[in-house]
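Peer 1: Mind having a look at this structure? Questions to follow.
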Amino acid sequence: QVQLVESGGGLVQAGGSLRLSCAASGRTFSSYVMGWFRQAPGKEREFVAAISWSVGSTYYADSVKGRFTISRDNAKNTVYLQMNSLKPEDTAVYYCTTGRNYRTYDYWGQGTQVTVSS
């Protein structure tokens, strides 16, 4: 019912920056929150950041606070993840997701690879 398309991933050196985008389409009336998760090879998928469409309230994992910023453009149904001061441990596939609240995510994008070299 909801389609999510991520873009903006790539290869960057440690200390560099990337900006990820996620465009949502389809039946989004129950998509009140959008967020980002990531998964590195051999590791479990972990929460990165989330934002509400209505108010713009944001939440971040402790590991990315002060370095990553999530934002939204309601007119474009797009959410962004600005990633600064990237570290090799940030290397992962980053997935866009949306759901009805901060605890329940219903749809997922295909993922975009972020690789940070040392």
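The values are calculated or read from the model by the stated rules, or taken from the named source; none is laboratory data. What you see is a predicted model, and the numbers here were worked out from it, not measured in a lab. Cβ: placed from backbone, ideal geometry, glycine included. Neighbour counts: every protein chain shown.
Peer 1: Which condition number does K76 fail, the rest of (1) under 15 Å from A23 (Cβ atoms); (2) touching a residue at least 60 places away in the same chain (Cβ under 8 Å) being met?
Peer 2: Evaluating K76 over (1) under 15 Å from A23 (Cβ atoms); (2) touching a residue at least 60 places away in the same chain (Cβ under 8 Å) leaves (2) as the failure.
Peer 1: Let me ask something else. For the condition of a type outside the set (A, V, I, L, M, F, W, C) and touching a Ser or Thr at 6+ places or on another chain (Cβ under 6 Å), what is the one hit in S31, S57?
Peer 2: That would be S31, the only listed residue that is of a type outside the set (A, V, I, L, M, F, W, C) and touching a Ser or Thr at 6+ places or on another chain (Cβ under 6 Å).
Peer 1: Only residues in segment 99-112 that are under 8 Å from V33 (Cβ atoms) count as the first member; pair them with residues that are among the charged types (D, E, K, R) and exposed (fewer than 15 other Cβ atoms within 10 Å of the Cβ), Cβ under 7 angstrom, at least 6 apart or cross-chain, and list the lot.
Peer 2: Listed pairs, sorted by first residue: G99/D106; R100/D106.
Peer 1: Would a scan of segment 2-16 turn up a residue that is hydroxyl-bearing (S, T, Y), modelled with pLDDT of 95 or more and out of contact with any helix residue (DSSP H, G or I) (no Cβ under 8 Å at 6 or more places or on another chain)? Working first, answer last.
Peer 2: The initial filter retains those residues of segment 2-16 that are hydroxyl-bearing (S, T, Y), namely 7.
Within this subset, residues satisfying the condition of being modelled with pLDDT of 95 or more are 7.
Remaining after also requiring out of contact with any helix residue (DSSP H, G or I) (no Cβ under 8 Å at 6 or more places or on another chain): 7.
Yes, there is a match, as at least one residue in segment 2-16 is hydroxyl-bearing (S, T, Y), modelled with pLDDT of 95 or more and out of contact with any helix residue (DSSP H, G or I) (no Cβ under 8 Å at 6 or more places or on another chain).
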